[in-house]
């Protein structure tokens, strides 16, 4: 066992425990090393990556349009920049087969991350979700690949029933629960159901899914304190912070272009402060 593998194993155990014990895990999502360090400095106990944010930062759309090797370079830079556990959003696994997903998860561990998001969305508009049996096999393959490395990779299995508005509205809750519980039985540690924001639906998801539930933060979602009362174990910020940062940049660019003034620069983090932040070695 090398020192690096011991460190990875320790981070994985810490990350898993954050899903099992109070308080609720609020997981911010980074798109580069700088955003990860800002989150760590703010005191978050773990950090996720955002596939959309990383893709956007490279001038690409989301949806596995980025090369997997480039995604892993970004994940590695984020994981190397912080001391807290990092989990990687690898979308649908960057492969259609369980074997490809297993290979992707091995690369995630090599990049220094100790968790993954695996979504059941397809790239076929006529069939927006993959068969739950196939996704269950991908989850199982990810679990077995990590077990061979003697590391408990924290698997956050995501179903996009609500996010993609699959089926009639009255059927979505039952379908999301059915899929989530199948992924749980395949070895997932946490079940991610993005696209829900009303308390009644969230409460039912928590009650009917026999594992920690992950909700996506949105302006419409309940605050952290209420989500915790509802029994949610993890809430992710997703690409929201990255998009909010770009919204500020857009306003600043338009103000400078239209008015020729620099007042928006007053909100910048001082140069010396950022320099000190990044001088620290992880």
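General remarks:
- Some residue of region 185-201 being out of contact with any helix residue (DSSP H, G or I) (no Cβ under 9 Å at 6 or more places or on another chain), assigned to a helix (DSSP H, G or I) and closer than 22 Å to residue 167 by Cα: yes
- In the set (1) closer than 21 Å to residue 141 by Cα; (2) modelled with pLDDT of 95 or more; (3) over 16 Å from the mean Cα position of the chain (by Cα), residue 5 fails one condition alone, (2).
- Pairs meeting the criteria (first residue in region 247-262 and over 21 Å from residue 56 (Cβ atoms), second residue assigned to a helix (DSSP H, G or I) and modelled with pLDDT under 95, beta carbons under 6 Å, at least 6 apart or on different chains) are 255/264.
- Looking across 280, 234, one residue alone is on the phi < 0 side of the Ramachandran plot and modelled with pLDDT of 95 or more. It is 234.
- Some residue of region 165-175 being assigned to a strand (DSSP E or B), surrounded by fewer than 16 Cβ atoms within 10 Å (Cβ to Cβ) and out of contact with any strand residue (DSSP E or B) (no Cβ under 7 Å at 6 or more places or on another chain): no
- Matching residues, region 131-142, being buried (at least 18 other Cβ atoms within 10 Å of the Cβ) and either at pLDDT below 95 or out of contact with any helix residue (DSSP H, G or I) (no Cβ under 6 Å at 6 or more places or on another chain) (or both): 135
- When region 228-242 is filtered for residues that are assigned to a helix (DSSP H, G or I) and either more than 16 Å from residue 28 (Cα to Cα) or over 27 Å from the mean Cα position of the chain (by Cα) (or both), the ones remaining, listed by number, are 228, 229, 230.
- Of all residues assigned to region 243-261, none qualifies as being assigned to a helix (DSSP H, G or I) and crowded, with 18+ Cβ neighbours inside 10 Å.
- Whichever residue in region 147-164 is more than 14 Å from residue 118 (Cα to Cα) and not in a loop (DSSP other than H, G, I, E, B) and, among such residues, is farthest from the chain's Cα centre (by Cα): 148
- Leading residue by the ranking (farthest from the chain's Cα centre (by Cα)) among those in region 165-202 that are under 22 Å from residue 225 (Cβ atoms) and touching a residue at least 60 places away in the same chain (Cβ under 8 Å): 190
The values are calculated or read from the model by the stated rules, or taken from the named source; none is laboratory data. Values in this document were obtained by computation on a predicted structure and should not be read as measured data. Note that each Cβ is placed from the backbone with ideal geometry, even for glycine, and that neighbours are counted across all protein chains shown.
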